[in-house]
Amino acid sequence: RKETTMTFSPRFASRTRRALVTAAALTAVAAAGSATAQTKTLYIGMNGGTMEKAYTQYVFPAFEKLHGVKVVVVPGTSSDILAKAQANKDKPQMHVMFLDDGIMVRAMGMGLCEKQKPNPHLNDIYPAARFKDDLASGVSLGMTGIAYNTKMFAEKGWAAPTSWMDFADPKYKGKVVFQSMPSSSFGLHGFLMFNRIQGGNDKNVEPGFNNWAKTIGPNVLEYIPSSAKISEMVQTGEAAIFPLTPTSVAALKAKGIPVEYAQPKEGSVVLMTGQCVIAKNSEPELAQKLAEFLLSPLAQANVLQFGAQIPTNPKAPAVGEGAAQVAQISQWMKNAVTLDWDSVNANRPAWNARWNKTIER
């Protein structure tokens with residue numbers, strides 16, 4: 001899912017004058033270890049593009065040298081990787097996989113993940129990044145909150161939004177843009193937070209559906225399938241306020257789009273990329289070591305530096321813009337909400353159908 005890719009400004013790496021931890025430093029650390037004589041190959045499923053490039057160039061080489069193995073990326077979306085893992089459940093072709101948090105919970109429920117062994121780095125990551133029974137762990141962190149059109153807000157003299165219920169403020173009538181729940185994590189997150197405020201929870205969405213039409217609904221200009229149109233709608237003055245992540249906001253700002261992120265007082269929704277060691281894989285010990293290594297401060301510092309992925313390990317050092325972003329994310333994490341993904345995944349098909357019939361008809 002492109003929607004949930006957690007990246008900051010493309011200028012992030014170039015604007016940082018020096019890397020605190022370079023691939024060379026990682027390799028130097030790894031050189032202290034002894035490599036095994038036989039070269040083995042570990043296959044890891046993850047998103048391609050920026051994420052794959054950062055890991056293959058700046059993280060995996062150190063692990064390969066340390067353990068005498070080769071790490072090969074199997075690129076694809078979370079849904080693609082899950083489908084491959086499920087198709088080869090009895091004889092896995094991959095050893096570790098990265099999935100968006102909601103899809104990771106599905107994978108865990110399918111018995112595709114084995115428990116991650118206790119290790120110091122697992123103890124260091126944010127509590128929200130530890131999945132149930134340590135069947136998976138978060139490798140990069142994000143959240144869905146509120147974004148707004150700073151140019152329009154300045155012209156109208158509006159204060160920055162502070163609550164999910166600001167989407168229902170009559171002054172935004174015809175200026176709210178909301179992602180469609182069936183196709184977007186952002187839309188799903190925004191709806192479920194509204195539902196909580198109305199008295200519901202991740203099992204009971206009646207309050208959300210019952211109250212939408214008389215609160216947020218009348219303000220919505222358009223329900224969009226993804227966030228791709230937001231840039232255009234901000235520039236044309238159509239969109240005032242919409243659900244989005246801090247990382248997506250930073251990417252828009254880097255392109256000169258007048259937007260800013262606001263953390264809702266009720267909390268944002270945690271949006272995370274998780275990793276799990278695939279059950280029954282051919283190299284369980286090495287796969288566990290790789291999963292542990294990917295949570296280390298050194299590995300996560302390099303992925304922050306070169307891939308703009310926010311660390312789940314607060315001990316990961318950061319420099320330049322990365323340091324400011326990490327500090328801010330850490331502050332926002334204090335009231336961030338983690339969804340009950342078991343309930344969400346079980347009920348989402350029915351919710352999607354109801355959304356299409358009653359809200360986006």
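For region 74-100, name all the residues that are in contact with a Gly (Cβ under 8 Å, 6 or more places away or on another chain), outside any helix (DSSP H, G or I) and either open to solvent by 80 Å² or more (accessible area, probe 1.4 Å) or at pLDDT 95 or above (or both).
VAL74, LYS89, MET94, VAL96, MET97, PHE98
Which numbered condition trips up GLU266, out of (1) open to solvent by 10 Å² or more (accessible area, probe 1.4 Å); (2) out of contact with any Phe, Trp or Tyr (no Cβ under 7 Å at 6 or more places or on another chain)?
(2)
Do we find that ALA279 is at negative phi, of a type in the set (Gly, Ala, Ser) and touching a Cys at 6+ places or on another chain (Cβ under 7 Å) in this structure?
Details: at negative phi: yes; of a type in the set (Gly, Ala, Ser): yes; touching a Cys at 6+ places or on another chain (Cβ under 7 Å): yes.
Criteria met by ALA279.
Need pairs with beta-carbon distance below 6 Å; first residue closer than 21 Å to ILE359 by Cα and within region 225-249, second open to solvent by less than 40 Å² (accessible area, probe 1.4 Å) and of a type in the set (Asp, Glu); sequence gap 6+ or separate chains.
Hits for this filter: SER226/GLU3.
Please identify the pairs in which a residue from region 276-288 that is closer than 12 Å to LYS91 by Cα and basic (Lys, Arg) has its Cβ atom under 9 Å from the Cβ atom of a residue that is open to solvent by 10 Å² or more (accessible area, probe 1.4 Å) and assigned to a loop (DSSP other than H, G, I, E, B), counting only partners at least 6 apart or on another chain.
Correct list of pairs: LYS280/LYS89; LYS280/ASP90; LYS280/LYS91; LYS280/PRO92.
Can you spot a residue in region 101-123 that is within 20 Å of the chain's Cα centre (by Cα) and in a strand (DSSP E or B)?
Yes, region 101-123 contains at least one residue that is within 20 Å of the chain's Cα centre (by Cα) and in a strand (DSSP E or B).
Which one of these does ASN123 not meet: (1) under 21 Å from LEU304 (Cβ atoms); (2) open to solvent by less than 70 Å² (accessible area, probe 1.4 Å); (3) modelled with pLDDT of 95 or more?
Unmet condition: (2).
Please give the helices (runs of 4 or more DSSP H) falling wholly within region 267-356 in which 3 or more residues are in contact with a Pro (Cβ under 6 Å, 6 or more places away or on another chain). Don't jump to the end; show me each part of the working.
Details: elements: 284-293, 297-307, 320-332.
Once the helices (runs of 4 or more DSSP H) in region 267-356 are filtered for at least 3 residues that are in contact with a Pro (Cβ under 6 Å, 6 or more places away or on another chain), what remains is 297-307.
The values are calculated or read from the model by the stated rules, or taken from the named source; none is laboratory data. Note that the coordinates shown come from a computational prediction; the quantities given were computed from them, not determined experimentally. For neighbour counting, all protein chains shown are included, and Cβ atoms are generated from backbone atoms with ideal geometry for every residue, glycine included. Surface accessibility is based on the protein's heavy atoms, side chains included, excluding ligands, DNA and RNA. Shrake-Rupley method; radii C 1.70, N 1.55, O 1.52, S 1.80 Å.
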